[in-house]
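Worksheet: one structure, shown below.
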Amino acid sequence: CSDRLKLIKRFIPTSVGICLAGALDANAVAYPEEMRRVSVIFLSIAGLDPFDAASAGDPTAMSGGRMSQLLMRLFQRSVYALEGSVNKFLVDDKGVLLLIVFGLPPLIHLADDPIRAVLCAMRLCDTLADEGLEGHVGVATGHCWCGVVGGNTRREYTVLGDVVNLSARLMGKAAVNGVLVDSTTQEMASQVLQFEDGGELTLKGKAKPVQAFRFVGLRRGLSPHSLEVKNSPLLSWHGWPAHPGLRHALDGLRHRSGVLFITGPGGAGKTELAETTEAWARANGWKLLNGQNMDPTGIFSVPRLPLQEAFHELMRCASRDPFWRSYAQDLIRESLGRVPKKDEQQGEDGSCGPCPQSRRRCEKARRATQEAPRHAELYWMLIAMMRSGQLGQNSISKLQAWAPLLSMVVTDLAFGPGMVAAMAERDEQHAKHNRFAEVCAAVLDGYTNRLEPGVGCMILLHIRRSSAFYQSRDEKESAAIRSLAELCMQRRSNAVDGHESNPVVLCIVSRESVLKDGAVMQYAQQCKGMVPAEDLSEEQTEAFLEHLVRLARDGDTRNREVLARYAFDVAGGNPRGVMTVVRELEERGLLHRTTSGAYTLEDGCGDSQGLRQSIPLPQSLVGMAFSTFETLSPQEQMVLKVASTSNVEFGLRELHSGLQQIEFAALRAVCERLADPKARTLRRVPPRNGSQASPDDQKYRFYSLVLRHVTSTLVLETQRTELRRLTSMGVKLNSAEMEKLQKIGRNQMSVLSEIESSDEEEDGE
């Protein structure tokens, strides 16, 4: 089955492959039919005829067929690298046409799909220019029908809708090797990408002119730090439940090494807690080594980037220290056979390194700190740090041979990539030792040993989850982080009377599902350094809103309750979601600020229902909800789809009427998994009047209105009508049919992991 899957998936979309691979009968396959918001690329290539033969007089010329095949391979690389789908490759009277779609299941990145589509379009244009060809690209974003068309003889997965036609019309108006986008794409991608006005265009099939924009390039000055939350209201809210836990953890690490782990779901305030940790380290005069894993667009995670940024800061600090510059110069002379004098080899305390009493040499080292060290000096500075650590001389001499591996985190080192790759391959063959991780820990150990008394070091690594569907942790990065954590715990255990002169604290900011390292989390628990950032309860949401907006006295209580209920229903208690809701209300003029600084709600918004009808749901929250939905299994997704057609509160018996293929006990287990607070999908509704309800009578509701809205949009109107009919009639299938459908569902749930693993094998090839 696995071999057949690898063969089939080369010819069909992933979503169809999941259905086929899990099917017991080819005629009984249930293909997905949904309304999804996607970003569509239409590309036309001028001057390329696949039927042209190569010129006999030019041996370097390629036939039209070979050029088409080359372009298709290059286009596929660009599309699949950004996790899009090539839907069609056509040749007609308009030339060669390519239809690419971003947002088809399971490759959903709702908030990022427009950015990925435009970046992909740019790559396609660059490829055409390199091959001396001309192309025109149109990009449009919107809702369309996604599903399978055809009968039993032949079927095809396709997309249909106005957004597809719009992208084709924009393609016809685009400049040579230029990208023309619609206003929706421009609006959603403008934070990262730069556009210029393309004017209002009269397009075929459009009654009114369409505003278009020309893609220019990436915005200048983008950096990962510009995406951080600065001056967040959470930082100044004294009632934030996460604050006391962080303060307690930091107080326990003030004079002792250890591991701090700040975790929680997206938007719960991990970044704000990280900023608080940074401020604490600076206030105490500690060295702060920061690192994070996102590229400047904030879309893609980069392997080992957190370590590279942290070690870049370490080397920047070390380069300004005359001690390390002078020590490196001594080691350079020693490597050349020029042994320093005895009084220059040891200081007054007997430690290795330059004598601080040598004024002439120290003055020379101070002048050198004004210039950045070159490769040789940089390398020997790292060796000096390794020698200044707590490892013995025998261990250092063995580990020193592996120092070139440090070029994977200290990018200014100029070792050849072939040499480093060979050493990394040799390192992977060692089952008991990870030399890369050991040299990273040895450098940090030596550097922190030479800090001034009372000065600690905080290594703060923010490891985010990107929106990519196919992503995995870098093994070398994970091993190095684990080794740094072991170093902190070793120094903690060696502390005399629980007090250290130079404590070292490793602070990891990440979701548990992203870090996936039980050892690091266990170290944090031993240090009492687990700091969770969680969504707010309804009461906490109301208190946070009081901190965010001070409502005017007239109708203060009523407005506060309405606003709190609306914010909690929409955002599900997510702190960043609550801030987004308030910002949306202000931008749309429904929340006014008076001259006294207080806020009032617009007339007509007397209840949360009125607010929901007044404004659309925030797109950033819609993207988060889509991400949550796509991480669920096919069975869990179907449960939510049926629930979205029910009342606000729904019970197991009501769901079971529309989910005839799932046994009642299995359905109850699925709902209980979804009702786990970490899942952020469903909430249990407490029984009325405090009565005790049986498990079979348990009521549920969606975690947030945004998630309910997202799930509902994926259900076609015909499907919604049928589900409501089944729910009202209570139709049931016989046991044989139920068992057959259950088996299909179980098979489907295992297919996605097989496709992912086979994709990784192909990438390796």
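For the range 477-503, residues that are at pLDDT 90 or above and either open to solvent by less than 50 Å² (accessible area, probe 1.4 Å) or under 18 Å from the mean Cα position of the chain (by Cα) (or both) total 15. For the range 425-451, the set of residues classified as in a loop (DSSP other than H, G, I, E, B) and touching a residue at least 24 places away in the same chain (Cβ under 8 Å) consists of 434, 450, 451, listed by residue number.
Checking each residue in the range 295-315 for being in contact (Cβ under 8 Å) with a residue 12 or more places away in the chain, over 25 Å from residue 454 (Cα atoms) and open to solvent by 10 Å² or more (accessible area, probe 1.4 Å) picks out 295, 296, 297, 298, 300, 301, 303, 304, 305, 308. Pairs linking a residue in the range 548-565 that is over 16 Å from residue 582 (Cβ atoms) to a residue that is open to solvent by 30 Å² or more (accessible area, probe 1.4 Å) and modelled with pLDDT under 70, with Cβ atoms under 8 Å and 6 or more positions apart or on different chains, are 558/606.
The requirement of being assigned to a loop (DSSP other than H, G, I, E, B), over 22 Å from residue 617 (Cα atoms), modelled with pLDDT of 85 or more and open to solvent by less than 30 Å² (accessible area, probe 1.4 Å) is fulfilled somewhere in the range 659-680, by at least one residue.
The residues listed here are 429, 471; of these, the one that is surrounded by fewer than 19 Cβ atoms within 10 Å (Cβ to Cβ), over 30 Å from residue 111 (Cβ atoms) and of a type outside the set (A, V, I, L, M) is 429. Within the range 56-73, the residues that satisfy the criterion of being hydrophobic (A, V, I, L, M, F, W, C) and either modelled with pLDDT of 85 or more or assigned to a helix (DSSP H, G or I) (or both) are 67, 70, 71, 72.
Within the range 504-520, if we keep just the residues that are surrounded by fewer than 20 Cβ atoms within 10 Å (Cβ to Cβ) and part of a helix (DSSP H, G or I), the residue that is farthest from the chain's Cα centre (by Cα) turns out to be 519. Taking the listed residues 557, 600, 594, 628, the one that is within 26 Å of residue 273 (Cα to Cα), open to solvent by 30 Å² or more (accessible area, probe 1.4 Å) and at pLDDT below 85 is 628, with no other qualifying. The requirement of being among the hydrophobic types (A, V, I, L, M, F, W, C), closer than 21 Å to residue 475 by Cα and surrounded by 20 or more Cβ atoms within 10 Å (Cβ to Cβ) is not satisfied by residue 318. In the range 188-205, which residue that is open to solvent by 80 Å² or more (accessible area, probe 1.4 Å) and modelled with pLDDT of 90 or more is farthest from the chain's Cα centre (by Cα)? The qualifying residue farthest from the chain's Cα centre (by Cα) is 200. Here the range 246-264 is the region considered, the condition is being assigned to a loop (DSSP other than H, G, I, E, B) and in contact with a Lys or Arg (Cβ under 6 Å, 6 or more places away or on another chain), and the residue that is surrounded by the fewest Cβ atoms within 10 Å (Cβ to Cβ) is 256. Any chance the range 137-144 includes a residue that's out of contact with any helix residue (DSSP H, G or I) (no Cβ under 8 Å at 6 or more places or on another chain) and open to solvent by 10 Å² or more (accessible area, probe 1.4 Å)? No, the range 137-144 has no match at all. Within the range 406-423, the residues that satisfy the criterion of being open to solvent by less than 50 Å² (accessible area, probe 1.4 Å) and either touching a residue at least 60 places away in the same chain (Cβ under 8 Å) or under 27 Å from the mean Cα position of the chain (by Cα) (or both) are 406, 407, 408, 409, 410.
Within the range 96-118, none of the residues are touching a residue at least 12 places away in the same chain (Cβ under 8 Å), open to solvent by 30 Å² or more (accessible area, probe 1.4 Å) and over 21 Å from residue 624 (Cβ atoms). Residue selection: residue 636 fails the criterion of being among the acidic types (Asp, Glu), at pLDDT 80 or above and surrounded by fewer than 15 Cβ atoms within 10 Å (Cβ to Cβ).
Taking residue 463, is it open to solvent by less than 10 Å² (accessible area, probe 1.4 Å) and under 25 Å from residue 630 (Cβ atoms)? Against the criterion (open to solvent by less than 10 Å² (accessible area, probe 1.4 Å) and under 25 Å from residue 630 (Cβ atoms)), residue 463 qualifies.
Taking the criterion of being within 28 Å of the chain's Cα centre (by Cα) and either among the hydrophobic types (A, V, I, L, M, F, W, C) or open to solvent by 10 Å² or more (accessible area, probe 1.4 Å) (or both), the residues of the range 528-544 that qualify are 528, 530, 531, 532, 533, 534, 535, 536, 537, 538, 540, 544.
Taking the criterion of being over 21 Å from residue 181 (Cα atoms), surrounded by 13 or more Cβ atoms within 10 Å (Cβ to Cβ) and touching a residue at least 24 places away in the same chain (Cβ under 8 Å), the residues of the range 147-167 that qualify are 147, 148, 155, 157, 158. Is the range 391-399 home to any residue that is under 22 Å from residue 329 (Cβ atoms), open to solvent by 40 Å² or more (accessible area, probe 1.4 Å), without any contact (Cβ under 8 Å) to a residue 12 or more places away in the chain and in a helix (DSSP H, G or I)? Scanning the range 391-399, I find at least one residue that is under 22 Å from residue 329 (Cβ atoms), open to solvent by 40 Å² or more (accessible area, probe 1.4 Å), without any contact (Cβ under 8 Å) to a residue 12 or more places away in the chain and in a helix (DSSP H, G or I), so the answer is yes. Just for the range 206-232: of the residues that are part of a strand (DSSP E or B), open to solvent by 60 Å² or more (accessible area, probe 1.4 Å) and modelled with pLDDT of 85 or more, which one is nearest to residue 449 (Cα to Cα)? Among them, the one singled out is 216.
Do you know which residues across the range 74-95 are open to solvent by 20 Å² or more (accessible area, probe 1.4 Å), part of a loop (DSSP other than H, G, I, E, B) and touching a residue at least 12 places away in the same chain (Cβ under 8 Å)? The answer is 94, and nothing else. Has the range 693-701 got any residue that is closer than 27 Å to residue 621 by Cα, open to solvent by 30 Å² or more (accessible area, probe 1.4 Å) and either modelled with pLDDT of 55 or more or in a loop (DSSP other than H, G, I, E, B) (or both)? Within the range 693-701, one or more residues are closer than 27 Å to residue 621 by Cα, open to solvent by 30 Å² or more (accessible area, probe 1.4 Å) and either modelled with pLDDT of 55 or more or in a loop (DSSP other than H, G, I, E, B) (or both).
For the range 233-245, the count of residues that are outside any loop (DSSP other than H, G, I, E, B), polar (S, T, N, Q) and crowded, with 21+ Cβ neighbours inside 10 Å is zero.
The values are calculated or read from the model by the stated rules, or taken from the named source; none is laboratory data. Predicted model, so just to flag it, every value in this text is computed and none were measured. Cβ coordinates were reconstructed from backbone atoms using ideal geometry, including for glycine residues, and neighbour counts include every protein chain displayed. The area values use the complete protein model at the heavy-atom level, side chains included, leaving out ligands, DNA and RNA. Shrake-Rupley method; radii C 1.70, N 1.55, O 1.52, S 1.80 Å.
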